[in-house]
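> Here it is, the structure in full.
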Amino acid sequence: MLKKIVAVLVMLVLAVSFGACKKKEEKPVMPAGHPGMEGGVPPAGMPETQNMPKVERKVVVSKEVTAKWKAVKLAVTNKAAKTTKEYTVNIGSELAIPDSKIRVKVLNYLPDFKMSDKEFYSASDKPNQPAAQVLVTENGKEIWANWLFALQPTVHPFQHENIGIVLMGGVSK
């Protein structure tokens, strides 16, 4: 008798589960003008950020930061040769990357990077969030100008087919 009850329960569970699988998943209805969400990500980024004006912020380097930090360490990868070499570049100086026509100028270094609506600054002289503002040129033409972050190298990474550049950290005086 117990075997029959178990068999009936198993059949009932199977019947319900097969019935549930046959239901079609309904796609949510998006409001008019909303971008498609196939794959969960809107095409070409969020429309709200595409049309936003670029905010100009001033870089503020405190006397304490200037007194403590003199250079940055950059790891430069030659993607073709599959080699990486570390270079020390003084703040305000430029590195000519060997076997390329690329030059990297270190404009500023903020050891504890913070951003407000009007400025980039360092919250302290401690390397809590090291960031370097760099300008990259190739054949004398600017190809990239942005911040490199030591602790989050994938945030605003320098993208080039032959060369990779990552901030390793600051060099104190």
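> Could you tell me how many of the residues in the stretch 91-125 are assigned to a strand (DSSP E or B) and either buried (at least 18 other Cβ atoms within 10 Å of the Cβ) or under 22 Å from the mean Cα position of the chain (by Cα) (or both)?
Of all residues in the stretch 91-125, those assigned to a strand (DSSP E or B) come to 94-96, 102-110, 112-115, 119-122.
Those left that are additionally either buried (at least 18 other Cβ atoms within 10 Å of the Cβ) or under 22 Å from the mean Cα position of the chain (by Cα) (or both): 95, 102-110, 112-115, 119-122.
Number satisfying all stated conditions: 18.
> Determine whether THR77 is exposed (fewer than 15 other Cβ atoms within 10 Å of the Cβ) and either closer than 16 Å to VAL136 by Cβ or of a type outside the set (A, V, I, L, M) (or both).
Working: exposed (fewer than 15 other Cβ atoms within 10 Å of the Cβ): no; either closer than 16 Å to VAL136 by Cβ or of a type outside the set (A, V, I, L, M) (or both): yes.
For THR77, the condition - exposed (fewer than 15 other Cβ atoms within 10 Å of the Cβ) and either closer than 16 Å to VAL136 by Cβ or of a type outside the set (A, V, I, L, M) (or both) - is not met.
> Moving on. Does at least one position in the stretch 64-71 carry a residue that is at pLDDT 95 or above, surrounded by 13 or more Cβ atoms within 10 Å (Cβ to Cβ), among the small types (Gly, Ala, Ser) and assigned to a strand (DSSP E or B)?
Yes, that holds for at least one residue.
> If you take the residues in the stretch 129-170 that are among the polar types (S, T, N, Q) and farther than 17 Å from LYS70 by Cα, which one is surrounded by the fewest Cβ atoms within 10 Å (Cβ to Cβ)?
So the first thing to find is which residues in the stretch 129-170 are among the polar types (S, T, N, Q), and the list is 129, 133, 137, 139, 146, 152, 154, 159, 162.
Keeping just the survivors that are farther than 17 Å from LYS70 by Cα gives 137, 139, 146, 152, 154, 159, 162.
On the way: THR137: 16, ASN139: 9, ASN146: 15, GLN152: 14, THR154: 7, GLN159: 10, ASN162: 15.
Restricting to residues being among the polar types (S, T, N, Q) and farther than 17 Å from LYS70 by Cα, the top hit is THR154.
> Going by the structure shown, is LYS173 surrounded by 13 or more Cβ atoms within 10 Å (Cβ to Cβ) and farther than 28 Å from LYS54 by Cβ?
Numbers: surrounded by 13 or more Cβ atoms within 10 Å (Cβ to Cβ): no; farther than 28 Å from LYS54 by Cβ: yes.
Criteria not met by LYS173.
The values are calculated or read from the model by the stated rules, or taken from the named source; none is laboratory data. All values reported here derive from a predicted model rather than from experimental measurement. Ideal geometry is used to build each Cβ from the backbone, glycine not excepted, and the neighbour counts take in all protein chains shown.
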